[in-house]
Amino acid sequence: SAFSVGEKRKQAVAIRNNNPLLLEAVNAFIKKSRGSEFYNVLFNKYFKSRKSIRQLAKGRIENLDQNQLSPWDDIVRKYTDRYGFDWRLAVAQIYQESRFDPKVKSFAGAVGLMQLLPRTARSMGVKNIEDPIHNIEGGIKYLDWLRDRFPKDMPVSEKIWFTLASYNAGVGHVRDARRLARKLGHDPQRWFGHVENAMKLLSRKKYYQRARYGYVDGNEPVKYVREIKARYDAYTRLASGVDSARSLRAYAQAQ
């Protein structure tokens with residue numbers, strides 16, 4: 001959830017006076033749905049289940065009046081300014097990776113807010129992977145390293161999506177997807193609607209057996225990038241325009 005809706009209020013559906021058939025149909029639908037199994041399952045999930053409510057609450061932004069999206073904003077800003085990224089994008093990625101929990105560990109051994117693998121952390125010079133500050137620094141430094149793996153003539157607005165896909169699936173698989181996209185007539189310089197389509201095909205034998213880096217579940221990076229973008233878009237609408245200008249200046253200085 002990107003924001004709190006406010007106090008509880010009664011909900012209503014407005015129907016024109018001269019449309020009694022629609023009113024009758026809507027009332028019948030509400031009456032039927034309210035007693036259905038589907039309604040009860042949803043009601044219990046979102047209003048009664050403590051586990052679900054706690055999970056939903058993790059995504060709330062509590063300090064919008066202070067222009068704060070997460071508990072880690074100040075640390076994120078420090079390193080995104082250094083490496084030339086939009087801090088709100090990095091916060092969106094951290095939420096995607098760890099739901100802002102610095103102690104989370106994955107079954108694959110990834111650790112912390114940015115879910116760094118120990119070998120990746122070592123390559124980025126991170127000594128204490130479990131320390132939130134070092135974890136964020138290592139993750140953003142790794143994003144910077146990945147971004148440099150793509151052509152300089154790739155538009156800046158596109159390169160970030162390739163970078164995020166590489167963070168999730170590995171730069172080798174993303175390069176395979178670019179090569180496949182070109183063969184299929186897509187634009188290898190554009191992610192949405194182009195390379196992401198080729199990425200999904202790399203889970204099929206017909207395509208991955210000819211790819212340099214082989215099989216990858218391409219649906220994962222596609223979903224990963226789209227969900228981060230959706231949250232990032234919400235953050236950019238909520239955070240101030242001052243931060244937009246600040247992020248652009250930081251990127252220009254980093255180039």
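The values are calculated or read from the model by the stated rules, or taken from the named source; none is laboratory data. From a predicted model like this one, the values you see are computed outputs, not experimental measurements. Note that we place each Cβ from the backbone using ideal geometry, even for glycine, and neighbour counts take in every protein chain shown. Note: areas computed on protein heavy atoms with side chains; ligands, DNA, RNA excluded. Shrake-Rupley method; radii C 1.70, N 1.55, O 1.52, S 1.80 Å.
Seen through its C-alpha gyration tensor, with square-root eigenvalues sorted a ≥ b ≥ c, the chain comes out prolate because a/c lies at 1.5 or above while a/b is bigger than b/c.
Distance between the modelled labels on Asp101 and Phe192, one decimal in nanometres: 3.0 nm (7 Å Cα→Cβ projection). Protein heavy-atom accessible surface, 1.4 Å probe, per residue over the range 170-239: 54 Å².
For Lys205, the lysines whose Cα falls under 30 Å of its own Cα, not counting residues fewer than eight places away in the same chain, are Lys159, Lys183, Lys223, Lys229. In sequence order, what are the phi-derived ³J(HN,Hα) couplings for the range 37-44 according to the Karplus relation 6.51 cos²θ - 1.76 cosθ + 1.60 with θ = phi - 60°, rounded to whole Hz, with x for glycine and proline? Once θ is set to phi - 60°, the couplings for the range 37-44 become 5, 4, 4, 5, 4, 5, 4, 5 Hz. The order of the peptides 174-186, 80-92 by mean Cβ neighbours within 10 Å, most packed first, is 80-92, 174-186. Taking a straight line from the alpha carbon of Lys10, not one of the aspartates and glutamates sits under 17 Å away once near neighbours fewer than eight places off in the same chain are left out. Reducing the range 1-50 and the range 102-132 to their Cα centroids gives an inter-centroid distance of 44 Å.
When a 1.4 Å probe is rolled over the protein heavy atoms, the share of accessible surface on the chain that falls to carbon and sulfur comes to 51 percent.
For the chain, what's the relative contact order in percent, using C-alpha pairs closer than 8 Å and at least 6 residues apart?
18 percent.
Where only protein heavy atoms count, and the probe is 1.4 Å, what is the accessible area per residue for the range 86-133 in Å²? Heavy-atom accessible area per residue stands at 49 Å².
The H on the amide N of Leu116, modeled in the peptide plane, is under 5 Å from the matching H of Val111, each at least 5 residues off or on a different chain. For Lys200, the aspartates and glutamates whose Cα falls under 12 Å of its own Cα, not counting residues fewer than eight places away in the same chain, are Asp176, Asp217, Glu220.
Taking 0.36 nm per residue of sequence separation and removing the Cα-Cα distance, the Leu22/Asn128 pair yields an extension gain of 31.9 nm.
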